[in-house]
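Data first, discussion second: the structure below is written as structure tokens.
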Ligand code: NAI
Ligand code: PHE
């Protein structure tokens, strides 16, 4: 026990963020961790992830990394907010009355932070969970529209990815036009399924892989997409590979197998390790940094609920993701760096210091 506490504290000691709030929920043996990475530009914003971890230390590792990612995401998107993230490290996925009671206790913890940290949906949490938090704290984005929230952020995330794919094709292939291009969408969930519709509308040839075969079949019926086996994704020939499922899909194992000039998709934490950015560059593959191309969801939640944007403003800001990526690509070429490094440099410059 002592050594695991030491290793968790070591992670915090090496972290560039401001505070880690920790709470142990005795009733359910759930660790609640809230990582407040940066409030330099405004309140720390980022979703709440509900997950079973192999140990509390792994949950700490995840929350620290994800909170820093949100600081970069908000800064790159030009939002007046900082970055944070929360994880509820549950022993098993809670349901029914137990889930509701846990969320109410968690909501009260969020409320004690008085808006320094503002949460929203993330892995395994949804608008329904945000509605529960909303009963005890005003600091939850993404409640359902019937409860005064802005609902799912997935469609705006997909629209941002679509703008990002166009900008990436313009840079790597000479034209943003997607007609006749082959795009492989990995993950046909909330984001991926909307993205598929946008790509099909443009006349792209869309390939889709999902562990849930019925989701692929539904898109086959609606748009005539071509199914791809999930295991075949890395070796599939395409113009654009759009990861829209899980993280860590770009690694020393998968990058040599990729047969595409562009990787541009919604998934968070696509690089398995930092070195993968350089592996992609060396392979001549243009990589759209995930925290930039997937910021449509943050623009939707924060823009609509905190900044009072109307639909036209939100749509213009989501479209701006394309221009931001173009700027990043030019800088990466000019500086001789990876696109990931160029994006981080630009985000940190917006933060006004190297502390975050
Ligand atoms: P989702 O849970 O609705 O959909 C994910 C889909 O991926 C599911 O259909 C699942 O069956 C599939 N999948 C999982 N593992 C797979 C694998 N190995 N191969 C193929 N398919 C697999 O999630 P959502 O909301 O569509 O998000 C997708 C990604 O985008 C996630 O990484 C999420 O963190 C990220 N993201 C989502 C945002 C949002 O607004 N929803 C905002 C920013 C990032
Ligand atoms: N969790 C989502 C993301 O990674 C959406 C989110 C953004 C949630 C901002 C809360 C605040 O972008």
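Readers should treat all values here as calculations from the given coordinates under stated rules, not as data from a laboratory. What you are looking at is a predicted structure, and each value in this text was computed from that prediction instead of being measured. We place every Cβ from the backbone using ideal geometry, glycine too, and count neighbours over all the protein chains shown.
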- request: Would you mind putting 309-315, 294-300 in packing order, based on average other-beta-carbon counts within 10 Å, highest first?
  value: 294-300, 309-315
task: Place the peptides 254-262, 114-122 in order of packing, highest mean first, counting for every residue the other Cβ atoms within 10 Å and averaging per peptide.
output: 114-122, 254-262
Taking the convex hull of Cα positions in region 53-198, its mean projected area over all directions (nm²): 10.9 nm²
query: Helix-derived [θ] at 222 nm for the chain: sum -39500 (n - 2.57) over DSSP H runs of at least 4, divide by residue count, nearest 500?
result: -13500 deg cm²/dmol
message: How much of the DSSP bridge set in the chain is antiparallel, in percent, rounded to the nearest 5?
response: 35 percent
query: Roughly how many Å is it from the Cα centre of region 236-259 to that of region 135-169, as a whole number?
result: 25 Å
- prompt: Please state the relative contact order of the chain as a whole percent: Cα pairs under 8 Å, 6+ residues apart?
  reply: 15 percent
- prompt: Okay, which of region 109-138 sit inside 13 Å, backbone N to the point 7 Å along the Cα-Cβ direction of residue 144?
  reply: 126-133
- prompt: Against the longest alpha carbon principal axis of the chain, how many degrees, from 0 to 90 and to the nearest 10, is the axis of helix 96-112 turned?
  reply: 80 degrees
- line: Convex hull around the C-alpha positions of the chain: the volume in Å³ per residue is 138 Å³
- request: Describe numerically, in nm with one decimal, the distance between label points set 7 Å from Cα along Cα→Cβ at residue 257 and at residue 313.
  value: 4.6 nm
message: I'd like the orientation of helix 154-173 relative to the chain: the angle between its Cα long axis and the longest Cα principal axis, in ° from 0 to 90, rounded to 10.
response: 40 degrees
field: Cα-only radius of gyration and Dmax that characterise region 1-69, units Å
entry: 12.2, 37
task: Return 37, 330, 163 ranked ascending by Cβ neighbour count within 10 Å, so the fewest neighbours appear first.
output: 330, 163, 37
field: Full-extension gain in nm, residue 112 to residue 97, via 0.36 nm per residue minus C-alpha separation
entry: 3.1 nm
field: Degrees between helix 2-13 axis and first principal axis of the chain (Cα, 0 to 90, nearest 10)
entry: 60 degrees
query: By how many nm would the segment from residue 7 to residue 124 grow when fully extended, if each residue of separation counts as 0.36 nm and the alpha-carbon distance is taken off?
result: 39.5 nm
task: Mind ranking 138-144, 275-281, 174-180, 40-46 by how tightly packed they are, going by the mean number of other C-beta atoms within 10 angstrom, highest first?
output: 40-46, 138-144, 275-281, 174-180
- request: Using a/c under 1.5 as the rounded threshold, could you call region 216-356 rounded, prolate or oblate? The axes a ≥ b ≥ c are square roots of the C-alpha gyration tensor eigenvalues, and prolate needs a/b larger than b/c, oblate otherwise.
  value: oblate
